[in-house]
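Input: a single structure, listed below in structure tokens.
The values are calculated or read from the model by the stated rules, or taken from the named source; none is laboratory data. For clarity, every value in this text was computed on a predicted model and none was experimentally measured. Don't worry about glycine lacking a Cβ; one is built from the backbone with ideal geometry, like all the others, and counts go over all protein chains shown. All accessible areas refer to the heavy atoms of the entire protein, side chains included, with ligands and DNA or RNA removed. Shrake-Rupley method; radii C 1.70, N 1.55, O 1.52, S 1.80 Å.
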Amino acid sequence: MSFIFSTHPLHPVARSMLEAAGDLRVASAPDPETLLREGRGAGILVIRAPIPPAFFEDAPALRAAIRHGAGLDMVPMDAATRAGVLVANVPGANASTVAEHVFLVTLALLRRFRLMDRDLRQSGWAAGRAQSDTAVDLAGRTMGIVGMGNVGKAIFQIAKFGFGLEVVATSRSPESVPDGARFLTIDELVATADIVVLCCPLTPETTGLLNAGRIGRMKPAAILVNVSRGPVIDDAALIEALRDGRIGGAALDVFATQPLPLDHPYFGFDNVIITPHLAGLTEESMMRMGTGAASEALRVIKGDLPVNLRNPEVVEHYRRRFPA
Ligand SMILES: NC(=O)c1ccc[n+]([C@@H]2O[C@H](COP(=O)([O-])OP(=O)(O)OC[C@H]3O[C@@H](n4cnc5c(N)ncnc54)[C@H](O)[C@@H]3O)[C@@H](O)[C@H]2O)c1
Ligand SMILES: O=C(O)[C@H](O)COP(=O)(O)O
């Protein structure tokens, strides 16, 4: 078995599991050139950064590409499948962590938390207190959840049973929307919700889902929370809406370009909270994701298939490459 290659450092428990199973190497940087150079010859790939399709070309030892987390957009699925490489992810391991983040930033926006803290420090007590002039309650508001998977369901639980909010939701099928939430189309949802939360995967269908038309239908004081992926939002349209004061604010964790350049227009808005793609990252979730990815790697090393195999059509080709 060739070495195990991770694009990033892993939680210590996951690292120990993999080190006990083989030669674990961590990329010195997660850019495509470094990954291609340092990952050449790997047997298992653990993914926390976008992987160039070329990684799967001329990779005779590569058995599995395992996502540390939920989103599969970082994996060029066609290239992996063509090469006979198993693709897996660790669904749900960070869902409750992302849900907690959604309420952190929602409350921070509604209660002017960032500006209150800034004004208090810069200009004193009265200036900080003045932010309460425009603060509003979360209670009584309607949350709209776009994408009712593991993350959407974890957000629903807190919204409904923690804060007693009215919840509307949209997903690929109405059946995935739980009792207690009302299914709406995306166009109905953006016009109904006071808080629009994006937590769907990035797919051709969801790219640009929050376009100028849908942002234009949002309520004037509504806020937008994006913990999905950057390209789900049309950035130019959102920036225009923020400039014109047509929505209440936004909390953005993910961006079309990451890292987000520090001169990006989003940094110019007081009513925008920017976080560096960490909604799903805590000590505990890193352990759940890392050990989940490591368990899948150990299964493959033993000759089994991953539990969360995402390209089952590859199995025949994979078995020809690596007969049991
Ligand atoms: N910011 C972060 O740190 C972070 C952490 C975890 C997940 N995510 C993102 O959130 C996404 C969802 O994670 P998850 O664990 O809930 O995944 P999941 O696979 O459990 O659920 C995805 C849900 O989105 C729905 N969906 C798919 N296409 C849709 C569409 N066009 N419109 C509406 N809904 C649609 C699916 O039906 C499914 O219910 C991930 O793919 C990832 O991009 C981000
Ligand atoms: O897709 C996910 O689950 C999140 O983006 C977190 O994944 P990461 O910790 O591997 O970046």
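Working from the pairwise distances between different alpha carbons, so that the mean of 1/r is found and then inverted, what is the range 188-324's Kirkwood radius in Å?
Details: mean 1/r = 0.0570 Å⁻¹.
Mean inverse Cα-Cα distance, inverted, gives 17.5 Å.
Tell me the angle of helix 283-302 to the major Cα principal axis of the chain, expressed in degrees between 0 and 90 and rounded to the nearest ten.
20 degrees
Please list, in order along the range 270-280, the HN-Hα scalar couplings obtained from phi with the Karplus expression 6.51 cos²θ - 1.76 cosθ + 1.60 (θ = phi - 60°), rounded to whole Hz, x for Gly and Pro.
Once rounded to whole Hz, the list reads 5, 9, 10, 9, 10, 10, x, 6, 10, 4, x.
Taking the Cα centre of each part, how many Å lie between the range 180-205 and the range 137-163?
Between the Cα centres of the range 180-205 and the range 137-163 lies a distance of 11 Å.
Starting at 0 and stepping by 10 Å, how many percent of the alpha carbon pairs of the range 215-269 end up in each bin?
All Cα pairs, binned at 10 Å, distribute as 23, 60, 16, 0 percent.
Put +1 on the Cβ of each Lys and Arg and -1 on the Cβ of each Asp and Glu in the range 51-159; which of Phe113, Ala154, Met77 then has its Cα farthest toward the positive end of the dipole?
Phe113
What value, in deg cm²/dmol to 500, does the helix sum -39500 (n - 2.57) over DSSP H runs of n ≥ 4 give at 222 nm once divided by the residues of the chain? Provide the component values of the computation, followed by the final result.
Numbers: 12 runs with 113 residues, N = 324.
After summing the helix terms and dividing by the residues of the chain, the value is -10000 deg cm²/dmol.
Would you grab the residues whose amide H sits under 5 Å from the one on Thr142? Only those 5+ places off in sequence or on another chain, please, with H modelled 1.01 Å from N.
Those lying under 5 Å, H to H, from Thr142 are Asp194, Ile195.
Place a +1 charge on the Cβ of each Lys and Arg in the chain and a -1 charge on the Cβ of each Asp and Glu, then give the dipole magnitude about the Cα centre in debye, rounded to the nearest 20.
Numbers: 32 positive and 34 negative charges, 91 e Å.
In total the dipole reaches around 440 debye.
What Kirkwood hydrodynamic radius do you get for the range 94-274 when you take the inverse of the mean 1/r over all pairs of distinct Cα atoms, in Å? Walk me through the numbers before you get to the answer.
Working: mean 1/r = 0.0605 Å⁻¹.
This gives a value of 16.5 Å.
So if I place +1 on the C-beta of Lys and Arg and -1 on the C-beta of Asp and Glu, and nothing else carries charge, what would the dipole magnitude of the range 94-274 be about its Cα centre? I want it in debye, nearest 20. Write out the running numbers ahead of the final one.
On the way: 17 positive and 19 negative charges, 56 e Å.
Value, rounded to 20: 280 debye.
Largest first, please: the extent of the C-alpha atoms of the range 251-297 along each principal axis, to the nearest Å.
That gives 43, 18, 12 Å along the principal axes, largest extent first.
Can you give me the relative contact order of the range 94-274 as a percent, contacts being Cα pairs under 8 Å and 6 or more apart?
Computed value for the range 94-274: 18 percent relative contact order.
Between the alpha-carbon centers of the range 216-259 and the range 1-79, tell me the distance in whole angstrom.
The range 216-259 and the range 1-79 have Cα centres separated by 32 Å.
With both bridge residues required to lie in the chain, what share of the DSSP beta bridges run antiparallel, to the nearest 5%?
Details: 1 of 38 bridges.
If I count the DSSP bridges inside the chain, around 5 percent turn out antiparallel.
Based on the Cβ-Cβ distance from Phe3 to Ser173, what FRET efficiency comes out when R0 is 51 Å, to the nearest 0.05? Mind showing how you got there, number by number?
Values: r = 41 Å, r/R0 = 0.81.
Approximately 0.80, to the nearest 0.05.
Rounded to the nearest 0.05, what FRET efficiency is calculated for Glu316 and Ala54 with R0 set to 25 Å and r the Cβ-Cβ distance?
On the way: r = 24 Å, r/R0 = 0.96.
Efficiency, from the Cβ-Cβ distance: 0.55.
7 Å from Cα along Cα→Cβ at both Arg246 and Ala324: what's the point-to-point distance in nm?
5.8 nm
What's the extension gain from Arg121 to Ala20 if we count 0.36 nm per residue and subtract their Cα-Cα distance?
Working: separation 101, 0.36 × 101 = 36.36 nm, distance 4.96 nm.
Once the chain is fully extended between Arg121 and Ala20, it gains 31.4 nm.
Which whole-number value in Å² is the accessible area per residue of the range 166-300, probe 1.4 Å?
Details: 5960 Å² over 135 residues.
Result: 44 Å² per residue.
Residue-wise, which Karplus ³J(HN,Hα) couplings in Hz belong to the range 158-175, taking 6.51 cos²θ - 1.76 cosθ + 1.60, θ = phi - 60°, and x for glycine or proline?
6, 4, 6, 9, x, 9, x, 7, 7, 10, 10, 8, 10, 8, 4, 10, x, 5
What's the long-distance tail for the chain, i.e. % of Cα pairs beyond 29 Å? Before the final figure, lay out the partial values.
Numbers: 22419 of 52326 pairs.
The share of Cα pairs beyond 29 Å in the chain comes to 43 percent.
Residues with amide H under 5 Å of Met218's amide H, sequence separation 5 or more or different chain, H placed in the peptide plane at 1.01 Å from N; which?
Distant-sequence amide H within range of Met218: zero hits.
Given a 1.4 Å probe and every protein chain left where it sits, what share in percent of the accessible area of the chain is carbon and sulfur?
Carbon and sulfur atoms account for 54 percent of the accessible area of the chain.
Taking θ as phi - 60°, what are the ³J(HN,Hα) couplings along the range 308-320 by the Karplus curve (6.51, -1.76, 1.60), each to the nearest whole Hz, with x for Gly and Pro?
Ordered by residue, 3J(HN,Hα) equals 9, 5, 9, 10, x, 5, 7, 4, 4, 4, 4, 5, 5 Hz.
Can you list residues whose amide H is under 5 Å from Gly249's amide H, if they're 5+ apart or on another chain and H is modeled 1.01 Å from N?
The answer is Leu224.
With a cut-off of 8 Å between alpha carbons and a minimum separation of six or more residues, what is the relative contact order of the chain in percent? Working shown, then result.
Details: 634 pairs, mean separation 62.2, N = 324.
RCO, the chain: 19 percent.
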